[in-house]
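**Q** Quick one: this structure, given as structure tokens, is what I'll be asking you about.
The values are calculated or read from the model by the stated rules, or taken from the named source; none is laboratory data. Keep in mind it's a predicted model, so treat the numbers as computed, not measured. Positions of Cβ are generated from backbone atoms using ideal geometry, with glycine treated the same way; all protein chains shown enter the neighbour counts. For accessibility, only protein heavy atoms count, side chains too; no ligands or nucleic acids. Shrake-Rupley method; radii C 1.70, N 1.55, O 1.52, S 1.80 Å.
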Amino acid sequence: MLDASVRPLVEITGMCKWYGQFSALHDINMTVNEGEKVVVCGPSGSGKSTMIRCINQLEAHQKGTIMVDGIEVTPDMRNIAEIRREVGMVFQSFNLFPHMTILDNLILGPMRNRGVSKKDATDLAMHYLERVHIAQQAGKYPPQLSGGQQQRVAIARSLCMKPKLMLFDEPTSALDPEMIAGVLDVMIELAEEGMTMICVTHEMGFARKVADRVVFMDEGEIIEVAGPEEFFGNPQSDRAQLFLSQLLGH
Amino acid sequence: MHGRVTTATPRANRTREDTGFDAAAFGRTIWQVGQAVLVFAVLGFLIWRGAQSMDYSWQWYRVEPFFFREIDGEIIWGPLVRGLMETLRLAGIAGVIAILIGFVAAFARLSDSIAGRIVSKVYLEAIRNTPLLVQLFLFYFVLAPIFGIDRFWAGVLCLAFFEGSFAAEIIRGGITAVDKGQYEGADAIGLTAVDKYRFIIVPQSLPLILPPLTGLLISLIKHSAIVSVIAVSELTTAGLNLIADTFMAFEVWFLVAGIYLSVTITLSILVSMFEHSLNKGKR
Ligand SMILES: Nc1ncnc2c1ncn2[C@@H]1O[C@H](COP(=O)(O)OP(=O)(O)OP(=O)(O)O)[C@@H](O)[C@H]1O
Ligand SMILES: [Mg+2]
């Protein structure tokens with residue numbers, strides 16, 4: 001445990017979030033060390049998306065602190081730009097820019113936010129497109145690609161920013177079953193290379209393979225944290241047991 | 001039918017039968033055209049009869065110099081053509097300014113700035129809820145002397161602010177129609193607010209904004225007639241002056257209306273051709 005090389009990348013302490021009077025997140029405490037992979041699961045509406053969206057301030061929290069790589073996350077614009085340079089995010093609905101080619105989707109962030117030259121950004125983009133096995137499609141537009149291909153492009157787009165942390169919000173749940181494996185393979189490769197990841201997903205196979213910890217949420221709170229084998233094999237809380245039985249039920 | 005399996009006929013073999021001449025459809029078309037001709041004939045007859053009972057003497061043979069005269073082999077443009085040029089210049093300048101105002105007002109309205117939201121809201125409501133004619137008088141009799149601008153520019157600015165309020169709503173509508181995910185995608189790669197709109201949001205809302213905006217510019221040509229009340233020398237003013245000189249009110253108003261109509265219809269056709277080619281380019 002006392003390993004000097006272990007450095008916390010994300011530290012969330014006592015974080016709360018309300019939508020109006022509705023408490024979406026309550027007293028969230030979580031630390032993710034560099035290189036760690038955390039899977040977040042829980043029933044619909046439990047606040048999984050909200051929690052990871054607070055980390056890169058797509059949503060503002062009202063109480064508690066979030067530290068990313070030693071920087072405190074606040075609603076201040078300059079601070080947010082700095083955080084977003086370090087944190088990549090992949091969405092359920094891809095959110096690629098449909099009016100730009102795949103290549104232009106990838107080079108925009110590095111060119112505008114990291115000041116990389118067009119040539120270097122293109123080299124970088126092609127490198128990551130190759131890694132997600134989609135380099136031949138660089139000149140196409142997102143709607144011309146299958147869902148699975150679009151999601152792999154979205155992952156590559158995040159990687160082009162050279163992030164220290166990757167957030168995934170149910171990256172496979174909008175995909176046809178035959179597309180899921182391709183995306184998960186890319187994520188597994190990424191995990192094996194040592195990327196720090198926080199993934200909201202209900203893909204148990206993926207969680208078992210890569211997760212260091214599974215975080216179970218319900219009603220805006222973290223209910224249970226355990227290793228994947230422990231969590232899926234022997235969940236402690238009633239709610240987690242109920243959730244898993246429902247997940248396996250269909 | 002149970003257990004039956006068929007193979008599909010190749011599409012190429014499924015030729016559509018030629019059903020020959022469709023007499024019923026042809027008859028319907030003829031009847032529609034006939035109706036239109038009948039309506040116009042009746043209208044024309046009523047106007048002609050009305051004018052006759054007033055003892056109006058039509059003098060169509062005198063209208064050519066309203067358009068142009070030829071002196072020593074040189075063409076001199078008449079008042080209607082010069083008026084039309086002025087109308088197009090007026091509407092063109094006002095249109096450009098209106099679009100700029102529209103973008104500024106739309107972004108102010110969508111911004112987090114309370115001052116920006118209040119100013120643009122007040123502007124929209126003020127323009128919407130006062131008569132255009134009163135706005136024109138305000139520009140000409142109050143603002144023009146204060147800022148030292150002439151009648152042409154008073155007219156241009158009044159029209160620009162009037163149409164700008166409609167442009168603002170069109171632009172705002174186009175921008176809010178862009179999917180929320182696009183904002184998040186742009187935010188997630190850390191684009192600044194300006195870059196987000198410049199590269200992601202505005203390009204995607206243009207296909208939604210351009211068609212109604214060109215419609216707005218076409219109607220600007222019609223609305224520009226109102227500046228004749230402050231005697232800006234455009235097409236309607238040219239018509240008024242011609243009537244004062246020649247007393248040919250019926251001919252002149254038909255001509256003026258005809259010119260507006262042919263300009264706006266030509267522009268509409270050009271715009272729809274442009275849109276058509278845009279849509280084609282997309283596929
Ligand atoms: N913009 C919003 N305004 C008001 N309430 C919201 C908003 N976004 C989310 N909520 C509420 O906050 C709660 C948590 O939502 P969240 O999207 O984080 O859940 P989730 O765990 O990701 O669920 P799912 O599995 O369906 O994606 C839900 O009850 C939701 O209705
Ligand atoms: Mg969610």
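**Q** Looking only at the range B:190-197, decide whether some residue is charged (D, E, K, R), under 30 Å from residue B:64 (Cβ atoms) and out of contact with any strand residue (DSSP E or B) (no Cβ under 7 Å at 6 or more places or on another chain).
**A** Checking the range B:190-197: not a single residue is charged (D, E, K, R), under 30 Å from residue B:64 (Cβ atoms) and out of contact with any strand residue (DSSP E or B) (no Cβ under 7 Å at 6 or more places or on another chain).
**Q** Please identify the pairs in which a residue from the range A:203-217 that is touching a residue at least 60 places away in the same chain (Cβ under 8 Å) and away from every other protein chain (no Cβ under 14 Å) has its Cβ atom under 6 Å from the Cβ atom of a residue that is within 16 Å of ligand 1 (Cβ to nearest atom) and of a type in the set (S, T, N, Q), counting only partners at least 6 apart or on another chain.
**A** As it stands, the answer is A:217/A:46, since those pairs meet every condition given.
**Q** Of all residues in the range A:168-182, which are outside any loop (DSSP other than H, G, I, E, B) and under 18 Å from residue A:95 (Cα atoms)?
**A** A:168, A:169, A:179, A:180
**Q** Restricting to the range A:97-129, count the residues that are in contact (Cβ under 8 Å) with a residue 24 or more places away in the chain, among the hydrophobic types (A, V, I, L, M, F, W, C) and either more than 13 Å from chain B (Cβ to nearest Cβ) or in a helix (DSSP H, G or I) (or both).
**A** Of the residues in the range A:97-129, 8 are in contact (Cβ under 8 Å) with a residue 24 or more places away in the chain, among the hydrophobic types (A, V, I, L, M, F, W, C) and either more than 13 Å from chain B (Cβ to nearest Cβ) or in a helix (DSSP H, G or I) (or both).
**Q** Sticking with this one: With the requirement that a residue be surrounded by fewer than 20 Cβ atoms within 10 Å (Cβ to Cβ) and hydrophobic (A, V, I, L, M, F, W, C), what does the range A:135-160 give you?
**A** A:135, A:138, A:145, listed by residue number.
**Q** When you go through B:84, B:80, B:100 one by one, which is the residue that is assigned to a helix (DSSP H, G or I), within 28 Å of residue B:205 (Cα to Cα) and of a type in the set (A, V, I, L, M)? Steps first, please.
**A** Values: B:84 fails: within 28 Å of residue B:205 (Cα to Cα); B:80 fails: within 28 Å of residue B:205 (Cα to Cα).
Selected residue: B:100, the only one of B:84, B:80, B:100 that is assigned to a helix (DSSP H, G or I), within 28 Å of residue B:205 (Cα to Cα) and of a type in the set (A, V, I, L, M).
**Q** Just to verify a result, which residue in the range A:204-245, among those that are hydrophobic (A, V, I, L, M, F, W, C) and open to solvent by 70 Å² or more (accessible area, probe 1.4 Å), is nearest to residue A:28 (Cα to Cα)?
**A** Looking at residues that are hydrophobic (A, V, I, L, M, F, W, C) and open to solvent by 70 Å² or more (accessible area, probe 1.4 Å), I get A:225.
**Q** Moving on to the next point. Any idea which of (1) out of contact with any Leu (no Cβ under 9 Å at 6 or more places or on another chain); (2) crowded, with 19+ Cβ neighbours inside 10 Å is the one residue B:234 doesn't satisfy?
**A** All conditions are met except number (1).
**Q** Right, another one. Within the range A:211-247, track down each residue that is of a type in the set (Ser, Thr, Tyr) and part of a loop (DSSP other than H, G, I, E, B). Step through it out loud before you land on a result.
**A** Step one: of the range A:211-247, the residues of a type in the set (Ser, Thr, Tyr) are A:237, A:245.
Within the range A:211-247, A:237 is the sole residue that qualifies.
**Q** Determine whether residue B:110 is surrounded by fewer than 19 Cβ atoms within 10 Å (Cβ to Cβ) and out of contact with any Gly (no Cβ under 7 Å at 6 or more places or on another chain).
**A** Answer is yes for this residue.
**Q** Given the structure, is residue A:132 more than 10 Å from every other protein chain (Cβ to nearest Cβ), within 25 Å of residue A:207 (Cα to Cα) and crowded, with 20+ Cβ neighbours inside 10 Å?
**A** So residue A:132 passes the test.
**Q** Mind checking which residues of the range A:183-197 are in a helix (DSSP H, G or I) and out of contact with any Leu (no Cβ under 9 Å at 6 or more places or on another chain)?
**A** Correct list: A:184, A:185, A:186, A:187, A:188, A:189, A:191, A:192.
**Q** Within the range A:130-140, take every residue that is part of a loop (DSSP other than H, G, I, E, B) and in contact (Cβ under 8 Å) with a residue 40 or more places away in the chain and give me the one that is farthest from residue A:190 (Cα to Cα).
**A** A:133
**Q** Can you find a residue that is touching a residue at least 40 places away in the same chain (Cβ under 8 Å) and either in contact with a Phe, Trp or Tyr (Cβ under 7 Å, 6 or more places away or on another chain) or closer than 24 Å to residue B:259 by Cα (or both) anywhere in the range B:67-80?
**A** Looking for residues that are touching a residue at least 40 places away in the same chain (Cβ under 8 Å) and either in contact with a Phe, Trp or Tyr (Cβ under 7 Å, 6 or more places away or on another chain) or closer than 24 Å to residue B:259 by Cα (or both), one finds at least one in the range B:67-80, hence yes.
**Q** In the range A:126-148, is there at least one residue being among the acidic types (Asp, Glu) and modelled with pLDDT under 95?
**A** Checked against the condition, which is being among the acidic types (Asp, Glu) and modelled with pLDDT under 95, the range A:126-148 yields at least one hit.
**Q** Go through the residues of the range A:73-85 one by one and say whether even a single one is more than 15 Å from the chain's Cα centre (by Cα), farther than 30 Å from residue A:122 by Cβ, more than 16 Å from ligand 1 (Cβ to nearest atom) and buried (at least 23 other Cβ atoms within 10 Å of the Cβ).
**A** Yes: the range A:73-85 contains one or more residues that are more than 15 Å from the chain's Cα centre (by Cα), farther than 30 Å from residue A:122 by Cβ, more than 16 Å from ligand 1 (Cβ to nearest atom) and buried (at least 23 other Cβ atoms within 10 Å of the Cβ).
**Q** Within the range A:86-113, restricting attention to residues that are open to solvent by 30 Å² or more (accessible area, probe 1.4 Å) and away from ligand 1 (no atom under 16 Å from the Cβ), which residue is nearest to residue A:201 (Cα to Cα)?
**A** My answer is A:86.
**Q** If you don't mind, there's one more thing I want to ask. Within the range A:151-165, is there a residue that is of a type outside the set (S, T, N, Q) and away from chain B (no Cβ under 14 Å)?
**A** yes
**Q** Step by step: first the residues of the range A:41-57, then only those that are on the phi < 0 side of the Ramachandran plot and touching a helix residue (DSSP H, G or I) at 6+ places or on another chain (Cβ under 6 Å), then the one that is surrounded by the most Cβ atoms within 10 Å (Cβ to Cβ). Which residue is that?
**A** Among them, the one singled out is A:56.
**Q** Here's another thing I want to ask about it. Kindly indicate which of A:175, A:145 is away from every other protein chain (no Cβ under 14 Å), free of Cβ contacts under 8 Å to residues at least 60 places away in the same chain and within 16 Å of ligand 2 (Cβ to nearest atom).
**A** Checking each option against the conditions leaves just A:175.
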